[in-house]
1. Give me the distance in nm between label points sitting 7 Å out from Cα along the Cα-to-Cβ direction at Asp213 and Ala46, one decimal.
2. 7 Å from Cα along Cα→Cβ at both Lys74 and Arg87: what's the point-to-point distance in nm?
3. For Thr109 and Leu156, what does the FRET efficiency come to when R0 = 25 Å and r is the distance between their Cβ atoms, rounded to the nearest 0.05?
4. If I ignore ligands, DNA and RNA and count only protein heavy atoms, how much of Met61 is accessible to a 1.4 Å probe, in Å² to the nearest 10?
5. So, taking all protein chains as they sit and a 1.4 Å probe, how much accessible area belongs to Val19, in Å² rounded to tens?
6. Accessible area of His10, 1.4 Å probe, to the nearest 10 Å²?
7. Starting from the Cα-Cα distance between Leu202 and Asp220, subtract it from 0.36 nm times their residue separation and give me the gain in nm to one decimal.
8. Are there any trypsin sites (Lys or Arg not before Pro) in the stretch 82-121 that are in a DSSP loop and have at most 12 other Cβ atoms within 10 Å? List them by number.
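The values are calculated or read from the model by the stated rules, or taken from the named source; none is laboratory data. Here the structure is a predicted model, which means the values were calculated and not measured. Positions of Cβ are backbone-derived with ideal geometry, glycine not excepted, and every protein chain shown enters the neighbour counts. To get the accessible areas, we keep the full protein, side chains included, count just its heavy atoms, and leave off ligands, DNA and RNA. Shrake-Rupley method; radii C 1.70, N 1.55, O 1.52, S 1.80 Å.
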Amino acid sequence: MKNLKTSNLHADQEDRAKVIRDSLRDAIVDRRLSPGAKLSEAEVGALYDVSRTVARSALQMLTFEGLVTSERNKGAFVSNPSPEEARQIFTSRRLIETGIIQSAAERMTSEDFAAFRQQLEKETLLKANRGAQARREEIKASGDFHLMLADVAGNLILRKFMDELIARSSLVIALYGRSGTSSCGNDDHSDILDALEAGDILRATELTLHHIDHIEADLDLRSTDSLSLKEALLR
């Protein structure tokens with residue numbers, strides 16, 4: 001009986017850690033938490049009214065996903081990806097999303113196409129709105145389009161990879177994006193969907209690669225030398 005109670009306690013703590021992980025993850029993905037932001041176990045625990053052990057578990061989950069970096073004797077921080085890491089994220093997306101497109105194309109139903117059209121309508125409405133909140137919602141909706149394709153593809157492993165890649169892409173856009181938006185155009189999504197609906201997998205694949213190129217092209221990934229404080233202030 002004691003072991004059962006202990007097991008239930010551990011399961012409850014894991015569930016609470018996952019809820020906190022998801023909440024922090026959303027804040028990172030929609031850029032309410034900036035790259036480099038400190039994530040104190042004590043503060044996370046206090047905000048969610050959980051023990052530091054549960055807070056630590058949530059942060060460890062995010063570290064595993066690459067969204068948080070833990071530094072010895074310093075604590076946990078929202079990841080601050082290098083330009084090379086940013087390039088690798090988009091290279092990974094090209095490899096994975098082309099496979100997702102091909103798998104999704106074989107499984108798409110009329111109900112799926114209707115759901116995607118509703119998603120595009122949502123993106124269009126959000127793009128017309130102004131303000132930081134609307135922009136965050138638009139960025140999330142844009143990422144959701146890609147995750148929906150992964151859902152239709154029906155491969156749980158690829159879906160997990162896409163969760164991480166979309167989240168890390170958002171982090172990269174927050175750090176290196178020139179325009180300050182997702183660059184994930186509604187027209188691009190619509191063209192991809194049109195190609196899928198027409199059964200043209202090759203064109204849908206080409207459009208997806210072009211779409212990812214477009215997102216990456218909006219990033220400023222040039223390597224620059226760090227300036228001294230004096231040099232930076234005199235510029």
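1. 5.1 nm
2. Taking the two extended label points, one gets 2.4 nm.
3. On the way: r = 19 Å, r/R0 = 0.76.
After rounding, the FRET efficiency stands at 0.85.
4. Approximately 40 Å² of Met61 is accessible to the 1.4 Å probe.
5. That residue has around 100 Å² of solvent-accessible surface.
6. That residue has around 110 Å² of solvent-accessible surface.
7. Gain on stretching Leu202 to Asp220: 3.5 nm.
8. none
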